[in-house]
Amino acid sequence: MQPLIKLQNISKSFDDTQVLDDFSLEVKENEFITLLGPSGCGKTTILRIVGGFEKPDEGRVFFEGKDITAMPPNKRHINTVFQKYALFPHMNIGQNIAFGLKISGKSDQYIRDKVKYALKLVNLSGYEKRKIDSLSGGQQQRIAIARAIVNEPKVLLLDEPLGALDLKLRQDMEYELIRLKNELGITFIYVTHDQEEALTMSDKVVVMNGGYIQQMGTPEQIYNEPENAFVADFIGDSNIIDAIMVEDRVVKICNTVFPCIDEGFGRNRHVDVVIRPEDIIIKRVPEDYNPKVTDTVFNFGDGNKNTLGRLFGTVTHNVFIGVHYEMEIEAGGFTWLAQNTVNYPVGTKVAIDVIPENIQIMNKPQTKDEEAMEIDI
Amino acid sequence: MKKLIKGFYLFLIILFLYLPIFTLMVFSFNGSKSMSVWTGFSTMWYKEMATDPMIVEAIWNTFTIAVAAGVIATVVGTLACIGISVMSKRSESLIMGFNNIPLLNADIVTGIALMMSFLVFGITLSWGTVLLSHVTFCLPYVILSVMPKFKQLTITNYEAALDLGATPLYAFWKVVLPELRPGIISGFLLAFTMSVDDFVVTHFTRGAGINTISTLIYSQAKVGIRPTLFALSTVIFVMVLVVLGVSNFISQRSEDEE
Amino acid sequence: MTFRKLLAAPFIFWIIAGTVIPLGVIGFYGFTTRDRNFTFENITAIFTAEHAQALLLALLLAAISTLICFVLAFPLSLILRSSGLGQKGFMVFIFILPMWMNFLLRTMAWQVILEKGGLINAIITSMGFEPLELINTSGAIVLGMVYDFLPFMVLPIYNTLMKIDDNIIEAAYDLGATHKRVIWNILLPLSIPGIASGVTMVFVPALTTFVISNMLGGGKINLIGNIIEQEFTTSANWNLGSGLSLIMMIFIVGSMMLLSKLDKEGEGNFI
């Protein structure tokens, strides 16, 4: 199947600052794709190029196989939901939503029905005559979405649409957006710097930094198998540690050998290891317990007691943050971030274990440039 | 093509705005009294301007009145803002309403109203009545520049200063005033400019023989303009350019520093 | 607290002495005869042919000048906004710089150019044509008004245009609007506060001027401002002058109330 949107070797600079460099991406029909990255990573520029608000310096944009690189935004069957809603302040809600339909010369009856339908879709039925400034931020956001989808675009571009909303409202809107996408069957291209939004809503997440794609995949892939330290660090809290890959399925972390499941990194190679805080298993050890050397040695093959790697340390910080406690544990010369529903007070001596499946091995970037290296799609 | 049309439009407007001024500047260097025929370069009109007691006195009057009116209006206006800021909302809006009257009213009405009042109360028109009148129409500008700064004032800073042991006066001087300074400066500059630029109010309230640059031009325009005024307008234009250029440069630099 | 309020005393005194009392004096003279008897004559005097004509002509010329200023200033502001020249303060500076030049000097410049022996006629006659009657016409007065007050129209319109969020314009394009449509349906309605304030700042001084009409009309064309001025200088009839001023003020207040409705938030405010 041919992709709905295809970005081919796009480069773009603003005043000598290269924002995008040879960027390529394909978006399939009906996909909810999220461009995720810190500010300045080029994600908004991509959205604006797709919307037609910026022309790429190099490269082409295809829509249903046709080159639309030079097509102005008012000719594209693509609509945008802007970051700060960009509702027309001098029109009421009905007029705002009807704006695009009026331009395409639809009949009054059609427009009236469509506006009504769009308002119903965003749960704001009967708001036609209201003024923009009488609405809350969340309501304005819904109107902005209604104004875009009423034109039945093939693609909806959303530029951090939830950025200005508070947490509770944001979560409600996330579900709303998923529902809308499923009901309307349009392709969403969503831009955000909020990893939680990206993971909750998307079919596919594109993690970006410095104008390059760092990793692309399903939310699960991105979260569980980050391909490099940037992705790991950007997606959720992580422990990213220097380690040595002793051989296939054996990694040495803080001078302690841990079994893992990764292969093919070679022997005695320096690698980065990612361990999620919730994957750290904490066990309380007696005050006077002195770990014996054997406790930290991994016995190959016998498959019993010491199948896990193990480090010993002390809890140095402990904060209750809702569902669980977030702790810092000094162990093996590294400060580990750990989460647990059980409270281990500061000063508690603990052992920490990680099961092999939760140890994610990544190649170490050699230089800064390589860190921003484009990963093959 | 579109760009060309836009550029041409801007060019036409610039031409319209500057050609008349430019014409005056060119003929200020003309060797004769003619205002249409170029008879050779000369600086005679500048020399004549500098030695014409009428012009020199008019320049002197214009600037002394503007400085005095600016200073008085700024002091009275800033003090008033302090007072108004602790008043009730109702008295504030009442005072601000009256404050807006001279601002919105036609100059000619302000002028004749002040002139009649002076004469009714037995005050002879003089240099002083011009000054008093200028303060009257400058005050609203000062209030409008300073008052918004009062609204933005972080009152906690003042309270923090008191909390740290400052006397109210010291706290005002060291904490509040610096925050108000931009408003006060722009208020003074606005008052100064309005005063320099005024003709109508001065026309009605000046005493016999008192001339400012504006009234001098007006009376000469009736009997016949001499090129000394072209020289004067060239000097004024260059001065405006320098003053605005410098103040732009300063504000740009202070923004950069921030 | 009360001490701080006292700081406003000099200002309040000044308002009373410089604004309230003088307006009262105008009111007093406007409604009395020279012998201090109450009368409406000074007010109804507006209906005499000479006065009515002066008022109507002033209204007409002021309206024409305001319209011309708007027609010139709106595209200018649009160009400044769209070309990005607006961001560079320098371009805007060029268009409002003349505002800081003495207004009498600016008017005088046109007097010099339009005069019988002035620059334009010198050029015309040198090409072998008959000299034109340029000065002392209504056209010359309108030209002077437009020239003097154009920056006052440009600045507020430009300010409101620059305040419009780029996203709003992009949203309109995004929804399929053409360039023309964006101007008519988005930019024009959104700059109404600026237009209203620009119109006030051009219309009121144009309506009440006596300087421009005197310098460029050669004393032959009388506007209401000229009539009033003459009552205080040459004719010395304060009562009639005050009465006519009151009439003129009705028009000022009326036009302001009309326009302030369009600029509720004071967005287009100049200061």
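For C:Thr32, the residues whose modelled amide H falls within less than 5 Å of its own, excluding neighbours fewer than 5 places apart on the same chain, are C:Thr39. Amide H contacts under 5 Å for A:Ser11: A:Asp22, A:Phe23, A:Asp57, A:Glu58, A:Gly59, restricted to partners 5 or more places along the chain or on a different chain, H placed in the peptide plane at 1.01 Å from N. Coordinate range of the alpha-carbon atoms in segment C:49-262 per principal axis, descending: 63, 49, 27 Å.
On a per residue basis, the convex hull of the C-alpha atoms belonging to the protein assembly as shown measures out at 251 Å³.
Using only the C-alpha atoms, the convex hull of chain A corresponds to 172 Å³ per residue.
Positive-end ranking of B:Thr156, B:Gly245, B:Phe121 along the dipole of chain B, with charges on Cβ about the Cα centre, is headed by B:Gly245.
Counting only lysines at least 8 places from A:Lys66 when in the same chain, those with an alpha carbon closer than 23 Å to its own are A:Lys6, A:Lys12, A:Lys28, A:Lys43, A:Lys55, A:Lys75, A:Lys154.
This model, with +1 at the C-beta of Lys and Arg and -1 at the C-beta of Asp and Glu, gives the protein assembly as shown a dipole about its Cα centre of some 3400 debye. Cβ-Cβ distance of A:Glu196 and A:Val319, R₀ of 25 Å, FRET efficiency by 1/(1 + (r/R0)^6): the value works out to about 0.85.
Here the Karplus relation 6.51 cos²θ - 1.76 cosθ + 1.60, evaluated at θ = phi - 60°, turns the backbone of segment A:154-164 into coupling constants of 6, 10, 10, 9, 10, 9, 6, x, 9, x, 8 Hz, with x for every Gly and Pro. Estimated from the Cβ-Cβ distance and a Förster radius of 51 angstrom, the FRET efficiency linking A:Lys120 and A:Met1 is about 0.95. Around the amide H of A:Ile213, modelled in the peptide plane, lie the amide H atoms of A:Ile375, all under 5 Å away and 5 or more residues distant in sequence or on another chain.
Net charge dipole, chain A: roughly 1840 debye, given to the nearest 20, about the Cα centre with Cβ charges of +1 for Lys and Arg and -1 for Asp and Glu. Name the residues of segment C:130-174 whose amide N is less than 17 Å from a point 7 angstrom out from the Cα of C:Ile94 along the C-beta direction? From segment C:130-174, the list is C:151, C:154-155, C:158.
Note on segment B:23-134: the alpha carbon radius of gyration divided by the globular reference 2.2 N^0.38 Å gives 1.64. Of the trypsin sites (Lys or Arg not before Pro) found in segment C:78-119, the ones in coil according to DSSP and having at most 14 other Cβ atoms within 10 Å of their Cβ are C:Lys88, C:Lys116.
With a cut-off of 18 Å on the backbone N, the residues of segment A:251-276 near the modelled label site 7 Å out from A:Asp242 along Cα-Cβ are A:251-258, A:268-275. Positive-end ranking of C:Pro22, C:Ile221, C:Thr32 along the dipole of chain C, with charges on Cβ about the Cα centre, is headed by C:Pro22. Coupling constants for segment A:214-226 follow from the phi torsions by the Karplus curve (6.51 cos²θ - 1.76 cosθ + 1.60, θ = phi - 60°), and in residue order they are 8, 7, 9, x, 6, x, 5, 4, 4, 6, 7, 10, x Hz; glycine and proline get x.
When the pairs C:Lys116/C:Lys180; A:Lys84/C:Lys261; A:Lys116/B:Lys3 are compared against a 32 Å limit on Cα-Cα distance, C:Lys116/C:Lys180; A:Lys116/B:Lys3 fall above it. Over all pairs of different C-alpha atoms in segment A:5-224, the reciprocal of the mean inverse distance, the Kirkwood hydrodynamic radius, equals 17.9 Å. Charged side chains reduced to their Cβ positions (Lys and Arg at +1, Asp and Glu at -1) give chain C a dipole of some 460 debye around its Cα centre. Backbone phi angles across segment C:130-138, fed through the Karplus curve with coefficients 6.51, -1.76 and 1.60 (θ = phi - 60°), yield HN-Hα couplings of 6, x, 9, 7, 9, 7, 6, 10, 4 Hz in residue order; Gly and Pro are listed as x. For segment B:133-258, the mean projected area of the C-alpha convex hull, equal to one quarter of the hull surface, is 10.8 nm².
If you take all other residues with their beta carbon under 13 Å from the beta carbon of C:Ala177, and give Lys and Arg +1 and Asp and Glu -1, the sum is +4.
When only Cα pairs below 8 angstrom with a gap of at least 6 residues are kept, segment A:163-279 shows a relative contact order of 16 percent.
Coordinate-derived values only; no laboratory data. This structure is a prediction, so every number in the text was calculated from the model and none was measured. Cβ: placed from backbone, ideal geometry, glycine included. Neighbour counts: every protein chain shown.
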